[in-house]
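Undergrad: Input: one structure, supplied below.
Bear in mind that the values in this text are calculations on the coordinates, not laboratory data. Because the structure is a prediction, the values reported are computed rather than measured. With ideal geometry, Cβ positions are generated from the backbone for all residues, glycine too; neighbour counts draw on all protein chains shown.
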Amino acid sequence: MPDYSPTPVQKFTFGLWTVGNRGADPFGSATREHKTPAELVYLLGEVGAYGVNFHDNDLIPIDATPAEAEAIKKDFRKALSDTGLVVPMATTNLFSDPIFKDGAFTSNDPKVRAYALQKTMKAMDLGVEFGAKIYVFWGGREGTETDSSKSAVGAIQRSREAMNFLCEYALDQKYDLKFALEAKPNEPRGDIYNPTTGHMLAFIATLDHPEMVGVNPEVAHEHMAGINFMHGVAQAWEAGKLFHIDLNDQYPGRYDQDLRFGSRDVKAAFYLVKFLEDVEYEGSRHFDAHAYRTEDFCGVKDFARGCMRTYMILREKAAQFNADPEVQSILAEINAADPAMTPFFGKYSPEKAAALKAQPFDRAAISQRGLKYERLDQLTIDILTGTR
């Protein structure tokens with residue numbers, strides 16, 4: 001039997017909020033008991049994870065005393081040492097507390113916006129203390145239910161001011177941090193600003209320090225909007241902005257489900273894994289998902305192992321796809337260069353434009369060419385189902 005055990009090379013990570021999810025939802029209370037951050041680190045060590053990520057309040061409750069905070073950090077640090085897990089990413093919870101009911105950086109209340117900056121700076125300090133190199137921003141409350149309440153332009157401007165301020169803070173503190181912005185179209189707000197990865201990429205270009213800021217695309221968030229997730233990831237990669245990635249699964253058009261990676265659309269998951277492996281993505285492969293509400297903590301371990309196992313299986317399938325002679329023959333055929341067309345491509349020149357305008361094309365003959373996409377897609381299915 002193949003060995004699909006996780007390895008440090010893949011940098012599989014989970015958040016404290018993922019394996020620590022207690023199974024509560026808007027219609028029902030928790031079905032699993034509370035576990036401390038240290039206990040969750042030991043759980044992740046048991047299943048073979050590489051690292052653990054956290055929001056500030058996943059680790060330190062928002063109302064903890066300094067003494068309580070130090071005790072929690074001491075236990076957490078020991079658990080990291082005992083298991084060998086690392087903390088590649090940290091983030092700030094700017095959505096749970098009632099103060100953020102109308103947003104954080106985009107709130108209409110200046111006191112809320114100031115508090116959000118203060119809380120984020122302290123959370124950045126905490127993340128750096130534990131070795132985080134990536135800092136994620138998810139604006140869960142940065143939105144609206146009625147456009148009567150806020151200026152959409154003003155919200156963009158407030159977001160830009162906050163990111164510029166926090167970039168300067170990181171530079172002033174000499175932190176080795178990169179920021180990754182995470183998009184989501186809606187939920188918990190009716191609409192969330194910068195709702196897709198494409199919106200975030202455009203927003204980043206307007207910042208004072210765009211070189212410090214990239215994106216953290218999430219499978220579920222893009223699928224909620226009906227978007228092909230791998231395409232968004234590819235655009236971020238090509239732009240040099242794929243700083244982090246959240247892996248899970250999702251039925252399109254529904255609430256944020258955070259399903260186990262690859263459990264809903266294995267074909268889409270395959271194309272994503274293949275892309276990440278083909279481009280040799282070096283960042284964490286972070287599973288931002290949670291176990292079914294039906295599970296106890298043995299089920300949570302099954303969930304975590306399942307996320308990593310599915311990735312490893314699809315990684316093997318991607319290698320099989322890349323090595324399959326018939327697949328590669330079709331790809332070579334449909335991507336074959338035409339020496340007669342080569343002079344028309346590349347950098348523009350007046351001479352090249354004139355030659356191209358004069359070039360005759362036999363549209364009927366060109367359009368009659370079959371591209372073998374049906375066969376190629378079936379070969380993909382055969383590989384994924386293990387029948388090839």
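Undergrad: Rounded to whole Å and sorted largest first, what semi-axes of the equivalent ellipsoid does the C-alpha gyration tensor of the chain yield via the square root of 5 times each eigenvalue?
TA: Computed over the chain, the values are 40, 28, 19 Å.
Undergrad: Taking every DSSP beta bridge that has both residues in the range 8-322, what percent is antiparallel when rounded to the nearest 5?
TA: 15
Undergrad: Rounded, prolate or oblate: pick one for the range 1-105, where a ≥ b ≥ c are the square roots of the eigenvalues of its C-alpha gyration tensor, a/c under 1.5 means rounded, and failing that, prolate if a/b is larger than b/c, else oblate.
TA: Prolate, because a/c is 1.5 or more and a/b exceeds b/c.
Undergrad: Turning to a different aspect of this structure: When Rg is the radius of gyration of the Cα atoms in the range 80-212 and Rh is its Kirkwood radius, what does Rg/Rh come to?
TA: Rounded to two decimals, Rg over Rh is 0.98.
Undergrad: Give me Arg315, Arg22, Arg285 ranked fewest to most by other Cβ atoms within 10 Å of their Cβ, as a rough exposure proxy.
TA: Arg22, Arg315, Arg285
Undergrad: May I pose another question? Which log10 I(q)/I(0) values, to two decimals, does the range 62-123 give at q = 0.20 Å⁻¹ under the Debye formula with one point per Cα?
TA: Reported log10 I(q)/I(0), two decimals: -0.87.
Undergrad: Give the residues of the range 102-134 whose amide nitrogen is closer than 17 Å to a point set 7 Å from the Cα of Leu171 in the direction of its Cβ.
TA: none
Undergrad: Highest first, please rank the peptides 142-155, 291-304 by the mean number of other Cβ atoms sitting within 10 Å of their residues.
TA: Ranked from most to least packed, the peptides come out as 291-304, 142-155.
Undergrad: Could you tell me what % of all Cα pairs in the range 180-292 have separations over 17 Å?
TA: When all Cα pairs of the range 180-292 are counted, 51 percent exceed 17 Å.
Undergrad: Let me ask something else. Straight distance only, please: which lysines reach the Cα of Lys357 with their own Cα at less than 26 Å, same-chain residues fewer than 8 apart left out?
TA: Partners found: Lys347.
Undergrad: Further, regarding this structure: Ranking request for peptides 341-353, 370-382, 39-51: highest mean number of other beta-carbon atoms within 10 Å first, then the rest in descending order.
TA: 39-51, 370-382, 341-353
Undergrad: To continue, here is another question. Cα-Cα over 32 Å: which of Lys73/Lys178; Lys101/Lys267; Lys74/Lys274; Lys11/Lys101; Lys35/Lys101?
TA: Over 32 Å apart, Cα to Cα: Lys101/Lys267; Lys74/Lys274; Lys11/Lys101.
Undergrad: Where does the range 325-384 land on Rg/Rh, using Cα atoms and the Kirkwood Rh?
TA: Here the Rg-to-Rh quotient is 1.14.
Undergrad: While we're here: What does the extension gain come out to for Lys78 and Arg369, with contour length at 0.36 nm per residue minus their alpha carbon separation?
TA: Value of the extension gain: 98.4 nm.
Undergrad: Gap in Å between the Cα centre of the range 1-57 and the Cα centre of the range 358-388?
TA: Here the two parts' Cα centres lie 42 Å apart.
Undergrad: Between Phe361 and Ala332, take the C-beta separation as r, use R0 = 35 Å, and let me know the FRET efficiency to the nearest 0.05.
TA: That gives a FRET efficiency of 0.90.
Undergrad: Give, in whole angstrom and from largest to smallest, the semi-axes √(5λ) of the equivalent ellipsoid of the range 280-350, with λ running over the eigenvalues of the Cα gyration tensor.
TA: Sorted largest first and rounded, they come to 45, 18, 9 Å.
Undergrad: Does anyone have the angle between helix 66-83 and the longest principal axis of the chain? Alpha-carbon axes, 0 to 90°, nearest 10?
TA: 50
Undergrad: Take the range 258-388, compute every pairwise Cα distance, and split them into 10 Å bins from 0; I just need the percent in each bin.
TA: 10, 28, 22, 19, 13, 6, 2, 0
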